[in-house]
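Asker: Below you will find the structure I want to go over with you.
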Amino acid sequence: MLPNTPIAEAQLDEMRDSLSEVYKECSRIDWDGYGASAVTEGAYEEALKLIDAIIDALPSSIPAPEIGAEPTGDIDFEWYRGKGQVFAISVGGKHRITYAGIFAGSKVHGTEYFEGTLPMTIVRHLGRLYS
């Protein structure tokens, strides 16, 4: 289990600013020049809820994720620890978190229901990445 020290307020501001930039840049069709779907307001709103859930559930020892957009219009959050160690989650405004990770050769992926609380599966995988 991860220690119960919340992520710093500075990380919260950083994540919200990053999300806002991604939304501004990717909220139109073909934002990548290759036919990408637009990031919708629903995906943006759900990503804001996900940021709050991350802040509430994760300790400050876990760094803020990199936030970006996927060609599907989903917003993704990625944590890199080093070569062969990455964990990513994404939301698209459909009450669902899709996740995938690589942990020194071991791979995981799946989908979890999301209604505002970070699922324990996600917390465990991030703990695994930063153990």
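Asker: Checking the structure you have, find out if any residue of region 22-43 is closer than 23 Å to LEU129 by Cα and among the charged types (D, E, K, R).
Answerer: Looking for residues that are closer than 23 Å to LEU129 by Cα and among the charged types (D, E, K, R), one finds none in region 22-43, hence no.
Asker: Now, a different point. In the list ASP56, ASP74, which residue meets the criterion of being acidic (Asp, Glu) and farther than 23 Å from TRP31 by Cβ?
Answerer: Only one candidate passes the filter, namely ASP56.
Asker: Just give me the residues in region 89-128 being closer than 17 Å to ILE55 by Cα and of a type in the set (A, V, I, L, M), in sequence order.
Answerer: Passing the criteria: ILE89, VAL91, ILE97, LEU118, MET120, ILE122, VAL123, LEU126.
Asker: Next question. If I go through region 42-77 residue by residue, how many of them are out of contact with any helix residue (DSSP H, G or I) (no Cβ under 8 Å at 6 or more places or on another chain), in contact (Cβ under 8 Å) with a residue 40 or more places away in the chain and more than 20 Å from GLU112 (Cα to Cα)?
Answerer: 2
Rundown of residues vs (1) at pLDDT below 95; (2) out of contact with any strand residue (DSSP E or B) (no Cβ under 6 Å at 6 or more places or on another chain), yes/no style:
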site: GLY82; (1), (2): yes, yes
site: VAL86; (1), (2): no, no
site: LYS94; (1), (2): no, yes
site: ILE97; (1), (2): no, no
site: GLY105; (1), (2): yes, yes
site: TYR113; (1), (2): no, yes
site: THR121; (1), (2): no, no
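Asker: Would you point out the residue of region 65-88, among those that are among the β-branched types (Val, Ile, Thr) and surrounded by 15 or more Cβ atoms within 10 Å (Cβ to Cβ), that is farthest from LEU50 (Cα to Cα)? Spell out how you get there, then give the answer.
Answerer: Keep residues of region 65-88 that are among the β-branched types (Val, Ile, Thr), which gives 67, 72, 75, 86.
Pick out the ones that are also surrounded by 15 or more Cβ atoms within 10 Å (Cβ to Cβ) and you get 67, 75, 86.
Numbers: ILE67: 11, ILE75: 10, VAL86: 18 Å.
So the residue we want is VAL86.
The values are calculated or read from the model by the stated rules, or taken from the named source; none is laboratory data. The model shown is predicted, which means the values in this text are computed figures rather than measured ones. Because the Cβ atoms are built from the backbone with ideal geometry, glycine has one as well, and the counts that use them run over all protein chains shown.
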